[in-house]
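Below: the structure, in structure tokens.
Read the figures in this text as sums done on the coordinates, not as results from a lab. Computed from a predicted structure; not experimentally measured. All Cβ positions, glycine included, derive from the backbone under ideal geometry; neighbour counts span all protein chains shown.
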Amino acid sequence: MIESRSPQQPDDVVVAVEDTSPASVQTAVERARTAQQDWARSAAARSSALTAAADALLGAADELADLVVREVGKPLGEAKGEVARSVAILRYYAQQVFDPVGEVHEPSSAGLLYSRRRPHGVAGLITPWNFPLAIPLWKAAPALAFGNTVVLKPAPEASACALRLVELLGGVLPSDVFAVVPGDAETGQALVAGADVVSFTGSVAAGNAVAAAATGRGRPVQAEMGGQNPAVVLPDADIERAAAMIANAAAGFAGQKCTATKRVIVVGDQGAFRDAFVAAVEALPVGDPADASTVVGPVIDSGARDRVVAAARSAVDAGGRVLTGGEALDRDGWFVSPTVVEGTPMDHLLACDEVFGPICLLLQATSVDDALRIANGVEYGLVAGLYSRDLNAALRAGEELETGLVKVNAPTSGVDFYLPFGGEKASSLGGREQGKAARDFYTSLHTVTIAPS
Ligand code: NAD
């Protein structure tokens with residue numbers, strides 16, 4: 001039995017639902033496979049259905065935002081933004097339905113030679129809790145647009161959001177085209193065992209297991225995983241602006257974005273930036289995520305809160321200093337103060353791994369070269385930021401940072417859904433998602449030769 005609890009008020013059980021058994025997952029996959037035949041037939045019908053899905057979400061926008069706040073503790077402003085983005089994603093892919101699906105080439109002799117994209121069949125989607133609407137939809141919308149049907153296995157912590165999403169979309173999509181199978185890892189494994197294409201977002205350990213299982217069956221798989229995202233601050237940066245942006249990127253939504261800044265690498269004298277940054281972090285409004293002014297709400301559960309506190313303590317044990325935060329808050333809910341640490345050795349957890357909470361490490365670099373080396377010196381490669389007015393430095397960042405996304409004078413957090421999204425190194429496996437890149441993943445390219453008889 002899954003119990004999803006509100007992080008700001010843990011005695012509030014948002015939903016209690018049975019795990020979907022492996023046998024029931026297989027039934028859902030088979031029904032989706034049957035529904036896929038009709039669904040793939042008409043691009044115009046798919047476009048209309050996805051547009052109607054966008055309208056259904058828009059009609060329930062306030063209710064959905066409140067549910068996101070309640071179930072995962074996302075601050076209200078960000079929750080509203082996530083709903084708006086979800087609507088936009090559906091509208092965007094509703095139009096991509098009409099994009100060309102192949103190319104015609106000159107045949108080597110008479111006849112017709114062309115390539116054509118076809119859907120895989122049933123897309124099995126496994127998603128995390130931190131974007132409980134946008135991530136399921138940035139996978140489901142292109143999967144559906146290009147003629148697949150979808151079975152979604154949401155994170156247990158976001159079960160209520162997923163159930164409501166599928167309920168709303170179920171009202172406008174044909175039956176069995178978009179199903180949800182609530183559950184934990186075992187349910188996810190059953191989905192991987194049955195789906196024709198698998199898209200995963202979540203932690204590195206789970207993503208690697210999912211990718212290995214899907215690859216073992218010879219099925220296409222993509223896995224978007226964790227990050228250890230650096231922000232490099234050069235001496236010519238607008239210090240106050242950079243400090244405010246990085247504070248938000250590190251601790252907004254309690255640092256629980258795969259794109260959150262985890263390391264802040266300052267080139268040259270750290271003094272002015274350190275003061276501005278600590279002040280900016282301390283100025284972030286912490287509190288009830290339902291309050292429109294809150295930037296930092298709770299973390300998802302008590303384990304996440306304890307991991308942030310333990311990481312700060314171990315930094316001190318390793319010779320580092322906590323510049324601000326590092327403590328659980330004495331209030332109902334799983335709150336921890338936004339935390340900045342410095343002075344740890346480079347093999348410390350905070351310097352090389354992801355702690356999914358409002359904590360980041362301040363590091364010093366002697367030069368731009370040194371900063372880029374430090375930035376690239378981790379196993380992860382999702383996103384990196386650079387703050388500078390120097391065009392040459394910006395150009396170098398775009399070329400040399402080993403991450404899927406590079407942001408100059410912009411927060412590491414935040415993603416444009418109409419551009420390819422994904423990481424390098426341990427952050428990502430398989431093709432990019434979102435934007436026009438999603439079509440490549442959710443379709444298979446066939447080459448057809450037709451000669452006259
Ligand atoms: P998680 O890995 O614990 O769970 C993700 C999903 O995988 C859940 O639905 C879970 O039930 C399922 N799962 C776990 N083990 C599985 C298995 N062996 N087989 C099949 N399914 C399995 O991650 P989480 O705690 O929900 O989310 C936080 C993590 O997600 C962070 O590491 C964060 O960086 C990452 N994330 C990455 C991106 C990205 O696009 N790169 C976006 C958001 C979150």
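Backbone phi angles across segment 392-407, fed through the Karplus curve with coefficients 6.51, -1.76 and 1.60 (θ = phi - 60°), yield HN-Hα couplings of 5, 5, 5, 5, 4, 4, x, 8, 9, 6, 8, 9, x, 10, 10, 10 Hz in residue order; Gly and Pro are listed as x.
Could you tell me the distance between the Cα centroids of segment 202-250 and segment 387-453, to the nearest Å? Result: 13 Å between the Cα centres. For T20, the residues whose amide H sits under 5 Å from its own are G183, D184, ignoring neighbours fewer than 5 places away on the same chain, with H placed 1.01 Å from N. Simple spin-label estimate for A437 and E30 gives 3.7 nm between the two label positions (7 Å along the Cα-to-Cβ direction from each Cα). For the pair N208 and D275, the difference between a 0.36 nm per residue extended length and the Cα-Cα distance amounts to 20.1 nm.
Could you tell me how far the Cα centroid of segment 324-374 sits from the Cα centroid of segment 123-152, in Å? Centre-to-centre (Cα) distance: 32 Å.
Near V180, once Lys and Arg are set to +1 and Asp and Glu to -1 for all other residues with Cβ below 15 Å from its Cβ, the sum equals -3.
If you stretched the chain out fully between T324 and N409, how much longer would it get, using 0.36 nm times the residue separation minus the C-alpha to C-alpha distance? Before the final figure, lay out each step's value.
Working: separation 85, 0.36 × 85 = 30.60 nm, distance 2.41 nm.
Length gained, T324 through N409: 28.2 nm.
Mean residue ellipticity, 222 nm, helices only, the chain: the sum of -39500 (n - 2.57) across DSSP H runs of n ≥ 4, divided by residue count and rounded to 500, is -13000 deg cm²/dmol.
Where a ≥ b ≥ c are the square roots of the eigenvalues of the C-alpha gyration tensor, would you call segment 235-329 rounded, which needs a/c under 1.5, or, failing that, prolate if a/b is larger than b/c, or oblate? Here segment 235-329 falls in the oblate category. On the beta carbon distance between A45 and S302, with R0 = 41 Å, the FRET formula returns roughly 0.30.
Computed 3J(HN,Hα) for segment 100-113, one whole-Hz value per residue from the Karplus formula 6.51 cos²θ - 1.76 cosθ + 1.60 where θ = phi - 60°, is x, 10, x, 9, 9, 10, 5, x, 6, 9, 4, x, 10, 10, glycine and proline marked x.
The calculated FRET efficiency for D236 paired with D99, based on their beta-carbon distance and R0 = 45 Å, is about 0.60. Taking 19 Å as the cut-off, the amide N atoms of segment 429-452 that come nearer than this to a point 7 Å along the Cα-to-beta-carbon line of E106 belong to 448-452.
Using r as the Cβ-Cβ distance of L419 and Y114, and R0 as 30 Å, what FRET efficiency do you calculate, to the nearest 0.05?
Values: r = 28 Å, r/R0 = 0.94.
It comes to 0.60.
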